[in-house]
Amino acid sequence: MTRIACAQIAPTLGAVADNLELSADAVAGAVGQGADVVVLPELATSGYMFADADEARSAALRPDDPAFDVWRAAAGGAIVVGGFCELGDDGLLYNSAVALDRDGLLATYRKTHLWDREKLIFTPGAELPAVLRTRHGAIAVMVCYDLEFGEVTRRVAVDGAELIAAPVNWPVFPRPDGEHPGEVITAMSTARLNRIAIAVCDRAGEERGQLWTQGSAIIDPDGWVVAEAGPGSALVVGDVDLSETHDKSLTEHVDVLADRRIDLY
């Protein structure tokens, strides 16, 4: 079993040092509960509701910034995946996520599908998520809206990912009483269609009038929610057998990857 944790925290817009301390404490708490993989929200170091690119630039970090040492120090034996506002070597801003452990940076991923006003601030990433072969499984990192694109999620499944780790900031949308958020339903369907585990870490709090879904969830390869957050800051912990992702069959004669008609599409 792999123990996965999502730390649904409430970052403060622009308060990079405070947000790093808050998120590092959450990582340490998750590791204290035995987490092997810890996922933090999208833009966890900076907050989300930037007025413009100049405000985002003032809260931007580079992937190798020593500021991330606090995450590494808290990681213990775990893999940490968290969102940040990236200043690229090209001078452009990216909505990015790092994957790291106590030994250093494993990968940086730049969000390829920008949501709404993000397009006014960030440059979309130019590379699809890599599948990271880690001591705690084969992990693909995505950011929020990327999960809505089956072309991306299917690609990492075909490439051997066992777990999609996705920092997200989901703005509230109305839904009928008793229903999962639409974004969680999409993640559940994606997990089932690809026989892959998914961990999505949303955020808490309110920022410049924007409320968040607070829908952090850990989903198994059958598409069922193993653990989920309620309102407010929360640490969501769930155990998933990632080896189950190696079997893509649903019945003796149904295999979700082998049955694809790649001769047609």
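So the values come out like this:
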| item | result |
| --- | --- |
| Total charge dipole magnitude, the chain, about the Cα centre, Cβ charges on Lys, Arg, Asp, Glu only, Debye to nearest 20 | 180 |
| Relative packing of 222-231, 157-166, 208-217, 173-182, which averages over residues the other C-beta atoms within 10 Å, highest first | 157-166, 208-217, 222-231, 173-182 |
| Orientation-averaged projected area, Cα convex hull of the range 158-265 (nm²) | 8.7 |
| Distance (nanometres) between label positions extended 7 Å along Cα→Cβ at Arg102 and Asp54 | 4.4 |
| DSSP beta bridges in the chain [antiparallel fraction, %, rounded to 5] | 70 |
| Compactness of the range 9-61, expressed as Rg and Dmax over alpha-carbon positions, Å | 12.4, 40 |
| Portion, in percent, of the accessible area of the chain that falls on carbon or sulfur, probe 1.4 Å | 51 |
| For the chain, calculated [θ]222 nm from helices alone, where every DSSP H run of n ≥ 4 adds -39500 (n - 2.57) | -5500 deg cm²/dmol |
| FRET efficiency for Met1 and Phe173, using Cβ-Cβ distance with R0 set to 35 Å, rounded to 0.05 | 0.55 |
| Inter-label distance, nm, simple model (7 Å from Cα along the C-beta direction), Lys119/Leu92 | 1.5 |
| Ranked packing of 109-119, 132-142, most packed first, by mean Cβ within 10 Å | 132-142, 109-119 |
| Cys residues of the chain counted as unpaired, since no other Cys beta-carbon is under 4.7 Å | Cys85, Cys144 |
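The values are calculated or read from the model by the stated rules, or taken from the named source; none is laboratory data. Note that the coordinates shown come from a computational prediction; the quantities given were computed from them, not determined experimentally. Every residue, glycine among them, receives a Cβ derived from its backbone with ideal geometry; neighbour counts consider all protein chains shown. Surface accessibility is based on the protein's heavy atoms, side chains included, excluding ligands, DNA and RNA. Shrake-Rupley method; radii C 1.70, N 1.55, O 1.52, S 1.80 Å.
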